[in-house]
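Visitor: Got a structure for you, written out below as structure tokens; questions coming shortly.
Throughout, read-outs are computed from the coordinates displayed, never taken from laboratory work. Everything numeric here is computed off the predicted structure, so don't read it as measured data. Cβ placement follows ideal geometry from the backbone for every residue including glycine, while neighbour counts extend to all protein chains displayed.
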Amino acid sequence: MKKLARHRLFWPIVALLTLIVVNTIVRPSFISITVKDGQLYGVLIDILRTSAPLMLVALGMTIVIATRGIDLSVGAIMAVSGAVALTIIDASGDPESIATVFVAVIAALCVSLVLGAWNGFLVSVVGIQPIIATLVLMLAGRGVALLITDGFITTVNSAPYSFIATGYLLFLPVAFLIWVAATAVVSLIERRTALGVLTEAVGINPEASRLAGVRARGIIFGAYVTSGLLAGIAGVLYSSNIRAADANASGQFIELYAILAVVLGGTSLMGGKFTIAGTVVGVLIIQTLDKTILFLGVPPAQSPVFFAIVVIVVVIMQSPRLHRWIRGAASSRSRRDSDTTITKEVASR
Amino acid sequence: MTSLQTPVRETGTLGARYGTFMNRRASLMPTFAAIAILIILLIGAQLRFGNFLTPGNLSALLLDNAYLIVLAVGMTFVILTGGIDLSVGSVMAFTGILGASLLSQGIPVYIAIPAMLLGGALIGLLIGVLVQYFNVQPFIASLAGLFLARGLAFVVSLASIKVEDPAVLWLQRTRISFGGWYITPTVIIALVTVAVAVFVLHWTRFGRTVYAIGGGEQSAHLMGLNVARTKVAVYVISGVCGGLAGLLLTAYSGAGYPRNGIGTELDAIAAVVIGGTLLTGGTGYVLGSLVGVLVYGTIKKIISFMGAEQSWTQIIIGILLLLFIVVQRVIVARSIRRRT
């Protein structure tokens, strides 16, 4: 039992289960899943479906954060990717053709790859701090998306394109299958090869890993490319869901929610050790909380207050000072004169 | 901040003197670059449009960007300590709608305005305490502040609230004009904020501590400077500036709106960086940030003169930001090489 409680995923999963249980007690229909026309329906299925864009973005963010970086541009990349895909479909004569949609999606993903590579270039080759390097694209990206759509919200009616976000395959939503596949691929590559360990090495100590012969530059570059590509898929899903490319609303604040999901899952923002399973749980917590807030009758616009409280509680619980206080109270021995504070601060660097 | 100076050789060509000056004052170079860009932009726009450099147009430049000037001042304090404050745009929206709501309920202006500033200060205090006492990264702590302020703005009101209070509208409508130039109380407030910030940063113990923390927090600590208090204080200052910007924006638009200022924190950060403040902290000038805001405002104005999409503003600001960051990299790399 004690071993179970120490597992790094213990508290995130407890939080998720608590949310589900509380919701079910208040509203028993929350947990029910029905089958209709060979498709599963229910609040839980809906959460799994709508979490797809955030899940993909958070997945990329986990890898970037593991290298001690951060990617603020994911929302902007989503906007660009959606704008590219919908503009191509809109300009083509036949929006219902699968070939058109295929070309549009591939083009959107290629553009996202290029944007991710641009971030990776700035961080790994030029050596700019990740926050600032990705801030450039965060600022300029939405402008680019607006230019692509000529400042309008491009809307299209294309059945094959909407299928990506709202369709069903084998009883399950396609969007859900996409994020499961993406998570599986990333987990396999990171955990079944040495790449995951090397990524963590770069995040824990870039200099030491370089001396040990790890090619940090390539790994960091790859992390941003991955993040860009996943954000591109998320942009396609988002625009497919609303059947429109809204350059301003697409992926707004998603970088913040993705970072929150990664932190909730137990990956430290200081880089190094990362957990993909934790990020999945973190995203599900956020989506469930979102649904709960909606259910409580709170206007969606006010929900950031709840997330702010969650962030504050989580960061305070993770802070070394609180742990020191608890330990100090437990051993009823406080040795916190100024000298030890300084040495601890030195140690924490 | 180099206090050790070798005596200047009296003789020397202009080029050599320039070299010596630049070596000593490398930190001023990005700010000079920003001023140069501003002048080039203004002259270029005048040549292109012929009616750009008019007193009315230049006065409007200050008027339209008064709120951003105040935000950039607060942001400069935070960035000088090596931190960052993402919450300012949301704080501005929150305090703006808070003030508008209080005034619409008949609460007098001498209570409503302090309440706005206090609201900003409290959110700043929360961020500062999280950063200093709970070792939270400034990025994450101010992210919590961003969410909190944005959500609270919508808690106050979901729709925009019109402001009819004569005192607040006076701030915007009064035009003290001389010739074709005019200045409004909002602009005066913004410029006074800049002046106070210059004084505080360059002539007070607190200001020197801000620079010292940015230069090296550990060293500042060992020098016996009050690091903890100063670090919390810069976030409170940024919060108060957010509240003040909320007042200016409310006066400017005549209403409080909870969706105001989405993404404004990025504009403020961009203005500070273009103005020559290093994001690693320790180097930079408030007056540079003022120049940065003016560069931003001029670009915006030129684009509206050209009748092009406003989205070009974002793209050009992004490119400028990148340019300045690369220049900063070069400067930092050079100064490290000189030291070793």
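Visitor: At B:SER104 and B:PHE32, where each label point lies 7 Å from the Cα along Cα→Cβ, what is the point-to-point distance in nanometres?
Guide: Label at B:SER104, label at B:PHE32, 5.2 nm between them.
Visitor: Per residue of the range A:221-234, in order, report the coupling 6.51 cos²θ - 1.76 cosθ + 1.60 (Karplus, θ = phi - 60°) as ³J(HN,Hα) in whole Hz, putting x for Gly and Pro.
Guide: Listing the rounded values in order: 4, x, 4, 6, 4, 4, 4, x, 4, 5, 5, x, 4, 4 Hz.
Visitor: Still on this structure: State the number of lysine pairs found in the protein assembly as shown whose Cα atoms come within less than 28 Å, restricting to pairs 8 or more positions apart or on distinct chains.
Guide: 7
Visitor: Now a separate question. Okay, which of the range B:280-300 sit inside 20 Å, backbone N to the point 7 Å along the Cα-Cβ direction of B:ASN51?
Guide: In the range B:280-300, the label zone of B:ASN51 (backbone N under 20 Å from the point 7 Å along Cα→Cβ) covers B:298-300.
Visitor: Kindly state, to the nearest 0.05, the FRET efficiency for B:ASN226 paired with A:VAL313, given R0 = 35 Å and r defined as their beta-carbon distance. Don't skip to the end; give the middle numbers.
Guide: Details: r = 29 Å, r/R0 = 0.82.
FRET efficiency, B:ASN226 to A:VAL313: 0.75.
Visitor: If amide H atoms are built 1.01 Å from N in the plane of the peptide, which residues on other chains or at least 5 residues away come under 5 Å of the amide H of A:GLY272?
Guide: Excluding prolines and chain starts, which carry no amide H, the hits are A:THR67, A:ARG68, A:GLY203, A:ILE204.
Visitor: Could you work out how far apart the two model spin labels at A:LEU170 and A:ILE33 are, taking each label as a point 7 Å from the Cα in the direction of the beta carbon, and quote it in nm?
Guide: 1.4 nm
Visitor: Could I have the simple spin-label model distance between A:PHE295 and B:ARG329, label points 7 Å from Cα toward Cβ, reported in nm to one decimal?
Guide: 4.9 nm
Visitor: Another question, if that's okay. Among B:VAL236, B:THR209, B:VAL88, flag the residue with its Cα farthest along the positive direction of the charge dipole of the protein assembly as shown, charges on Cβ as +1 for Lys/Arg and -1 for Asp/Glu.
Guide: B:THR209
Visitor: Which percent of Cα pairs goes in each bin when the distances of the protein assembly as shown are cut into 20 angstrom slices starting at zero?
Guide: Calculated over all Cα pairs of the protein assembly as shown, the distribution is 16, 51, 29, 4, 0 percent.
Visitor: For the range B:151-162, in order, what is each residue's ³J(HN,Hα) by Karplus, 6.51 cos²θ - 1.76 cosθ + 1.60 with θ = phi - 60°, in whole Hz (x at glycine and Pro)?
Guide: Coupling constants for the range B:151-162: x, 4, 4, 6, 5, 4, 7, 8, 10, 6, 10, 6 Hz.
Visitor: Still on this structure, I have one more. Using the charge dipole of the range B:182-340 (Lys, Arg: +1 at Cβ; Asp, Glu: -1 at Cβ; taken about the Cα centre), state which of B:LEU222, B:THR250, B:ILE303 has its Cα farthest towards the positive end.
Guide: Final value for the positive-end residue is B:LEU222.
Visitor: Between B:TRP181 and A:HIS323, how high is the FRET efficiency from 1/(1 + (r/R0)^6) when r is the Cβ-Cβ distance and R₀ = 60 Å? Nearest 0.05. Provide the component values of the computation, followed by the final result.
Guide: On the way: r = 59 Å, r/R0 = 0.99.
In this case the efficiency is close to 0.50.
Visitor: Taking θ = phi - 60°, what integer Hz values does the Karplus form 6.51 cos²θ - 1.76 cosθ + 1.60 yield along the range B:77-86, in sequence order, with x for Gly and Pro?
Guide: 4, 5, 5, 4, 7, x, x, 8, 10, 7
Visitor: Nothing charged except the Cβ atoms of Lys and Arg (+1) and of Asp and Glu (-1): what's the magnitude of the dipole of the protein assembly as shown about its Cα centre? Round to the nearest 20 debye. Don't skip to the end; give the middle numbers.
Guide: Numbers: 46 positive and 25 negative charges, 493 e Å.
The calculated dipole for the protein assembly as shown is roughly 2360 debye.
Visitor: Size of the dipole of the range A:48-302 about the Cα centre, Lys and Arg at +1 and Asp and Glu at -1 on the beta carbon, nothing else charged, in debye to 20? Don't jump to the answer; show the numbers that get you there.
Guide: On the way: 11 positive and 11 negative charges, 136 e Å.
It works out to roughly 660 debye.
Visitor: If the only charges are +1 at each Lys and Arg Cβ and -1 at each Asp and Glu Cβ, what is the size of the charge dipole of the range B:173-328 around the Cα centre, to the nearest 20 debye?
Guide: Values: 9 positive and 4 negative charges, 73 e Å.
Dipole of the range B:173-328, to the nearest 20 debye: 360 debye.
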